[in-house]
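Take a look at the structure set out below.
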Amino acid sequence: MKITLSMQNLRKLVQIGFFLLFIILFLNARYPYEFAIGSDFGLRLSPLIPVFTFIETLSIPPLVIPGLIILLLTPFLGRFFCSWVCPLGTCLDATDHLIKTPRNRDAQRWDKFRYLKFANLIALVVLALFSVNLWGYLDPLSIFNRMLTVIIYPVATLFTEKSLLLLAEVSILETPAYYLFDLFKDNLMPEEQAHYQQVLLIVLFSGAILAGEKLSRRFWCRYVCPAGALLGFMSQSRFYERLVGEECPACNMCVSECKMDAIPGDDVSRTNKVECIECFNCGAACPPKTKAITYRWRWKPYHTELDMSRRQVLASMVTGVAGVGLLSIGLPNRNHERQMIRPPGSLAEAEFQDKCIRCLACVRICETNGGCLQPDAIHSSMTQLWLPAAQMRTGYCEYNCNLCAEVCPTDAIQPITLEEKQNWTMGEAFFREDLCIPYAKDDDCIVCEEHCPTPDKAIKFELKTTKLPSGESRELKMPYVVPELCIGCGICEFKCPIVGKAGIFVTKSTGETSEMNYYS
């Protein structure tokens, strides 16, 4: 029996394969970090990374090669990335099956907004020219990794753990349930259940993208996604295209099944190359008796115009310039205790904000070994939202770990050796004398000094004789910080036994700690 594989089925297999690859790379981002392919490989497939890296550095560093390959293939194959590779697109397709998404005839009222994705791209480019990075918020691979990190993975691990422990209470299932639980904890579950800040905002943002499927299929891809706009622009004259033979019965089944409404109902022989994502649903929908739709190379292709007028282009550029001005007007940050402590290896703050795409890959891997990194809030500028920031009361920077630099797809956190990391000053610790036990309660406490990981302890003691309320004299060990030895890892703040605010806290150093430039 001869088995033939249709282009639609081949696309589905490749799509599922890439989706599983992204999941495997995500799960591999844990301590210890051992894998042939870096966990950042999937994120580096983003077609936006080469463009915006070049805008910023006027160079093509090796880290952009995966995304550059996607861009170079696009003029030949069209927007294949959106339907074959992008995991967010796969999530949208799955959502389409779960909810009743309007077919194209019911959703065409939205087509006048197709220009918005190009407007987004133009505005983001203008912002990038002024060193304002907002494109990372809308990068589809960054969005997907953000969803996995903050929403899907914590919920999935919590549900699985509770379910297995519940099954273990059934006597006949106790042994296999605990076996699966141990297997789960050793390979998939972090040491502690992940809990992140900014969950509500990320849930609302991600939920809005998925909810768009109630308006039309692939609403995000059609009307919002800047990566889709870039790939659509490069697909205008692609060489691999859909052809319709004379035997076409004009049943319009291809029009109905097209995910992107790329086939005009009044002329099914033509394809909007800007919108077509090579899903091959049209060929699968074509009646078997006719099979009028074929796909082939054609070296004299026709050109598809963009759904955007000159006025809309100008308006998008003006919006980008206005955005630069609005984002430059910030509030003074008076929260001196939390001056946005960045991971070891991070670039200087302004450059770090330009390069970081808020994918939270570093936050994810930090949770498996220390857990100090959290998605940041807005302090004085919107561009601070979801940047990785150390929150030492919820975790600490493990002294023998430099994994955050290993998974950063844009080198906003630059690769550093473990020795370099151990000498990297993230911040500096200070005591709260109104809370610290020896100062406030005249009692001994040496927890912070015990856990200080530096070879020569950055926390030391001086002996002080004090009189107790009973009138007796007592010699106390009063802790103090040696600034030259403190690296700001935060384990002292994390381990402080005081409930609530710790008796010691870490804040950002007064000077910038990074003078490195990976591209120089």
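Extension gain, Phe205 to Thr57: 0.36 nm times the residue separation minus the Cα-Cα distance gives 50.3 nm. Run through the range 241-274 and list the GluC sites (Glu not before Pro) located in a DSSP loop whose Cβ has at most 13 other Cβ atoms within 10 Å. For GluC sites (Glu not before Pro) across the range 241-274 that sit outside H, G, I, E and B with at most 13 neighbouring Cβ atoms in 10 Å, the list reads Glu246, Glu247. The spacing between the range 192-270 and the range 68-147, judged by their C-alpha centroids, is 8 Å.
The computed percent of Cα pairs over 45 Å apart for the structure shown corresponds, within [x] 7; [y] 25; [z] 13, to [y]. Residues whose amide H lies under 5 Å from that of Ser346, counting only those 5 or more places away or on a different chain, are Gln414; hydrogens are built 1.01 Å from N in the peptide plane.
Residues in the range 123-178 average 45 Å² of solvent-accessible surface per residue, probe 1.4 Å, ligands and nucleic acids excluded. Among Thr95, Tyr33, Ser131, pick out the residue whose Cα is farthest towards the positive end of the charge dipole of the range 30-141, where Lys and Arg carry +1 and Asp and Glu carry -1 on C-beta, about the Cα centre. Going by the Cα projections, it comes out as Thr95. Estimated from the Cβ-Cβ distance and a Förster radius of 51 angstrom, the FRET efficiency linking Leu183 and Asp434 is about 0.60. About its Cα centre, the range 129-239 has a charge dipole of approximately 920 debye under the convention of +1 per Lys or Arg Cβ and -1 per Asp or Glu Cβ, with nothing else charged.
Using a 1.4 Å probe over the heavy atoms of the protein chains, calculate the carbon and sulfur portion of the accessible area of the chain as a whole percent. For the chain, the apolar C and S fraction of the accessible surface comes to 62 percent. Among the trypsin sites (Lys or Arg not before Pro) in the range 1-64, those placed in a DSSP loop whose Cβ has at most 10 other Cβ atoms within 10 Å are Lys2.
In a reduced charge model with +1 at each Lys and Arg Cβ and -1 at each Asp and Glu Cβ, the range 1-80 shows a dipole moment near 440 debye about its Cα centre. Before I look further, what does the range 228-301 give for accessible area per residue, probe 1.4 Å, in whole square angstrom? Averaged over the residues of the range 228-301, the accessible area is 45 Å². Using a cutoff of 8 angstrom between alpha carbon atoms and counting only pairs six or more residues apart, the relative contact order for the chain works out to 17 percent. State in Å² the accessible area per residue of the range 364-520; use a 1.4 Å probe, count heavy atoms of protein chains only, and round to the nearest integer. In whole numbers, the range 364-520 has 46 Å² accessible per residue.
By DSSP, what percent of the beta bridges with both residues in the chain are antiparallel, rounded to the nearest 5? Walk me through the numbers on the way to the answer.
Values: 23 of 24 bridges.
Of all bridge pairs located within the chain, approximately 95 percent are antiparallel.
Dividing the summed helix terms, -39500 (n - 2.57) for each DSSP H run of n ≥ 4, by the number of residues in the chain produces a 222 nm estimate of -11500 deg cm²/dmol to the nearest 500.
Given that compact globular proteins tend to follow 2.2 N^0.38 Å, what is the ratio of the alpha-carbon Rg of the range 20-140 to that value?
On the way: Rg = 17.0 Å, N = 121, 2.2 N^0.38 = 13.6 Å.
Dividing the Cα radius of gyration by 2.2 N^0.38 Å gives 1.25.
Charged neighbours of Gly38, selected by a Cβ distance under 10 Å, balance to -1 (K, R count +1; D, E count -1).
Ordering His451, Leu164, Met147 by Cα displacement along the dipole of the chain toward the positive end leaves Met147 in first place; charges were set at the Cβ atoms of Lys, Arg (+1) and Asp, Glu (-1).
With only Lys, Arg, Asp and Glu charged, each at its Cβ (+1 for the first two, -1 for the last two), find how big the charge dipole of the chain is about the Cα centre; round to the nearest 20 debye. So the magnitude is around 2580 debye. Dipole orientation for the chain: of the candidates Cys496, Ile69, Asn252, Asn252 has the Cα lying most toward the positive pole (charges on Cβ; Lys, Arg +1; Asp, Glu -1).
The values are calculated or read from the model by the stated rules, or taken from the named source; none is laboratory data. All of these numbers come straight from a predicted model, not from anything done at the bench. All Cβ positions, even for glycine, are placed from backbone atoms using ideal geometry, and neighbour counts span all protein chains on display. The protein model used for the area step is the full one, side chains on, heavy atoms only, and it has no ligands, DNA or RNA in it. Shrake-Rupley method; radii C 1.70, N 1.55, O 1.52, S 1.80 Å.
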